Amino acid sequence: MAPRFGTSGLRGLVRDLTPALVADHTRAFLAACPVGTGLWVGRDLRESSPTLAESVIAAALGEGVPVTDCGALPTPALAMAAMQAGAAAIMVTGSHIPADRNGLKFYTPAGEITKADEGAILAALGRTPRASTARRRGNQESGGDWAARYPRAFGRALAGLTIGIWQHSAVSRDLIPLTLQALGASVVCLGRSDHFIPVDTEAVPPEARAHFTAWAAMGLDAIVSTDGDGDRPLLTDATGQIVPGDVLGQITAALLGAETVVTPVSANSGVDLSGRFARVIRTRIGSPFVIAGMEAAGGRVVGYEPNGGFLLGFEAQGPAGPLPRLMTRDSLLPLVATLAEARRAGSVAARVSEEPRRFTATDRIEGVETARSAALLQRLAAAGALAAFLSPLGRLARIDQTDGLRATLADGTVVHLRPSGNAPEFRVYAEADSPAAATRIMDSALTLVRKAMHA
């Protein structure tokens, strides 16, 4: 499948992300969107990322746009640094998808591009290069600036905790240990990899979960990690049990005193049931939709996704100092906030137990092209079709078609079916009143989907 825009920028197979295609999208972005003081460029640790970053940089310099090359650093660190400098940014990353794929994430000086910006970029493709020149400089401090913001806001909030860090191939793997140590925690580094490992924080494979259980037995209070580009968090409790990303979002929003929460329709309903927030606004899936909802809401607003990425829409106050607004998906804030709350409550599990008992599980069927996914959803949307399809799981009570098909059954469990917005995958989400029930419903729904696709 040719590279295309999804919910997180341009994505495609590495073999299709040619220098010409990358340069064309870079020129289109610079022509269609505000650039401000220049372009900041970063990348993840995939083997293909340095070469793609050089294509981005060469194209920008050729357009007469000064470039700040930040090297390898997390996406939120790049976005934060560029916004502070009043500059645009391009992050070369495929996030959580396999190493044979990669992509570009685009940021204006105001933050992540919107869907309107995406349309403008696509309309500007095919521009003739300007054959100009501009200055290139390096900046290796941006990652440290991102990491330092949390000790300033939280002080020694994690003193006494022993935290394992699954480093794998995440570009955040050296910054997170430094941050947690500055917050007072003892750190144990685990599972560092010399080759790229795709980590989807919403669909962690059984072999990784087995590692968490074994590592937790070392006497750890928690295990943390991120996806490849460091904008989605992963947290386990002291037994190695993963805390869902939307639960991290609920806990973080409450700690910060948010009044309005914006989250996709796929996030669990605990945020609505908690009664802590004046408003909960539901959107389509994808950070551009969450950002649009946050901007429309204003005030003390935050946003988060079920993958755990957290967006801070106001100038907040941490236990030790101010926490400036950051309108891009971030991994460190929900990790730090939840761990600080766990220290207060006595453990991660104890803090999670204070939330309403609604739990999610999600997984994906890989190698399913968008057209095939769309055809299945179209069949199921026909009158009575979804009720019949889900009848082995329970009686259908209502359907929400904000993004895909989200079915609530008579017993309150939820099954949500949709194609991925940035990869050839079909995703299945489930929500229930226990982790075991959510997993059971998800597995059963995956089986039904696989059968339907081969029917």
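Cβ separations smaller than 7 Å between residues 6+ apart or across chains give the following pairs from the stretch 36-63 residues that are touching a residue at least 60 places away in the same chain (Cβ under 8 Å) and under 20 Å from residue 124 (Cα atoms) to residues that are of a type in the set (S, T, N, Q) and surrounded by fewer than 22 Cβ atoms within 10 Å (Cβ to Cβ): 61/133; 62/132; 63/132. Evaluation of residue 335 against the conditions (1) at pLDDT 90 or above; (2) in contact with a helix residue (DSSP H, G or I) (Cβ under 6 Å, 6 or more places away or on another chain); (3) surrounded by 22 or more Cβ atoms within 10 Å (Cβ to Cβ) shows that the sole unmet condition is (2).
If only residues of the stretch 229-263 that are of a type in the set (Val, Ile, Thr) and in a loop (DSSP other than H, G, I, E, B) are counted, the one that is farthest from the chain's Cα centre (by Cα) is 239. Going through (1) part of a strand (DSSP E or B); (2) in contact with a Pro (Cβ under 6 Å, 6 or more places away or on another chain); (3) among the small types (Gly, Ala, Ser) one by one, residue 266 falls short only on (1).
The number of residues in the stretch 115-129 that are more than 23 Å from the chain's Cα centre (by Cα) and either at pLDDT below 90 or hydrophobic (A, V, I, L, M, F, W, C) (or both) comes to 5.
Considering the stretch 103-151, the residues that are out of contact with any Gly (no Cβ under 9 Å at 6 or more places or on another chain) and of a type in the set (Ser, Thr, Tyr) include one that is farthest from residue 58 (Cα to Cα), namely 114.
Whether a residue is outside the structural domain of residue 202 (by TED's automatic domain parsing), surrounded by fewer than 21 Cβ atoms within 10 Å (Cβ to Cβ), modelled with pLDDT under 90 and in a loop (DSSP other than H, G, I, E, B) was assessed, and residue 394 does not pass this test. Flag not set for residue 262, criterion: among the aliphatic types (A, V, I, L, M), more than 25 Å from residue 143 (Cβ to Cβ), surrounded by fewer than 19 Cβ atoms within 10 Å (Cβ to Cβ) and in contact with a helix residue (DSSP H, G or I) (Cβ under 7 Å, 6 or more places away or on another chain). Within the stretch 201-217, the set of residues being closer than 24 Å to residue 98 by Cα and either under 19 Å from the mean Cα position of the chain (by Cα) or outside any helix (DSSP H, G or I) (or both) comprises 201, 202, 203, 204, 205, 208. At least 2 residues being of a type in the set (Val, Ile, Thr), crowded, with 20+ Cβ neighbours inside 10 Å and within 24 Å of the chain's Cα centre (by Cα) is the threshold, and among the helices (runs of 4 or more DSSP H) wholly inside the stretch 1-97 those reaching it are 19-32.
Looking across the stretch 343-360, the residues that are of a type outside the set (D, E, K, R), buried (at least 16 other Cβ atoms within 10 Å of the Cβ) and under 30 Å from residue 416 (Cα atoms) come down to 348, 349, 352, 356, 359, 360.
When 124, 85, 120 are checked against the criterion of being more than 30 Å from residue 197 (Cβ to Cβ) and touching a Pro at 6+ places or on another chain (Cβ under 9 Å), a single residue qualifies: 85. Among the residues of the stretch 17-35, those identified as out of contact with any strand residue (DSSP E or B) (no Cβ under 9 Å at 6 or more places or on another chain) and either of a type outside the set (Gly, Ala, Ser) or free of Cβ contacts under 8 Å to residues at least 40 places away in the same chain (or both) are 18, 19, 20, 24, 27. Against the list (1) of a type outside the set (Ser, Thr, Tyr); (2) out of contact with any Ser or Thr (no Cβ under 7 Å at 6 or more places or on another chain); (3) within 28 Å of residue 328 (Cα to Cα), the condition residue 130 fails is (3).
Conditions (1) modelled with pLDDT under 95; (2) out of contact with any helix residue (DSSP H, G or I) (no Cβ under 9 Å at 6 or more places or on another chain); (3) surrounded by fewer than 20 Cβ atoms within 10 Å (Cβ to Cβ), marked per residue:
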position	(1), (2), (3)
219	no, yes, yes
236	no, no, no
246	yes, no, no
250	no, no, no
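Could you check, for the stretch 379-389, whether at least one of its residues is under 25 Å from residue 283 (Cα atoms) and under 24 Å from the mean Cα position of the chain (by Cα)? Within the stretch 379-389, none of the residues are under 25 Å from residue 283 (Cα atoms) and under 24 Å from the mean Cα position of the chain (by Cα). Just checking, does the stretch 299-308 include any residue being surrounded by fewer than 23 Cβ atoms within 10 Å (Cβ to Cβ), in contact (Cβ under 8 Å) with a residue 24 or more places away in the chain and either part of a helix (DSSP H, G or I) or in contact with a Lys or Arg (Cβ under 8 Å, 6 or more places away or on another chain) (or both)? Scanning the stretch 299-308, I find no residue that is surrounded by fewer than 23 Cβ atoms within 10 Å (Cβ to Cβ), in contact (Cβ under 8 Å) with a residue 24 or more places away in the chain and either part of a helix (DSSP H, G or I) or in contact with a Lys or Arg (Cβ under 8 Å, 6 or more places away or on another chain) (or both), so the answer is no. Kindly indicate whether residue 88 is farther than 30 Å from residue 372 by Cα and touching a Phe, Trp or Tyr at 6+ places or on another chain (Cβ under 7 Å). Judged against the criteria, residue 88 is a match. Is it the case that some residue within the stretch 411-418 is surrounded by fewer than 16 Cβ atoms within 10 Å (Cβ to Cβ) and outside the structural domain of residue 105 (by TED's automatic domain parsing)? Yes, that holds for at least one residue. Only one of the listed residues (408, 328, 402, 362) is among the hydroxyl-bearing types (Ser, Thr, Tyr) and more than 30 Å from residue 5 (Cβ to Cβ). That residue is 408.
Please tell me if residue 135 is at pLDDT below 95 and not polar (S, T, N, Q). So residue 135 passes the test.
The values are calculated or read from the model by the stated rules, or taken from the named source; none is laboratory data. All figures in this text were calculated on a predicted structure; none of them were measured in a lab. Cβ coordinates were reconstructed from backbone atoms using ideal geometry, including for glycine residues, and neighbour counts include every protein chain displayed.
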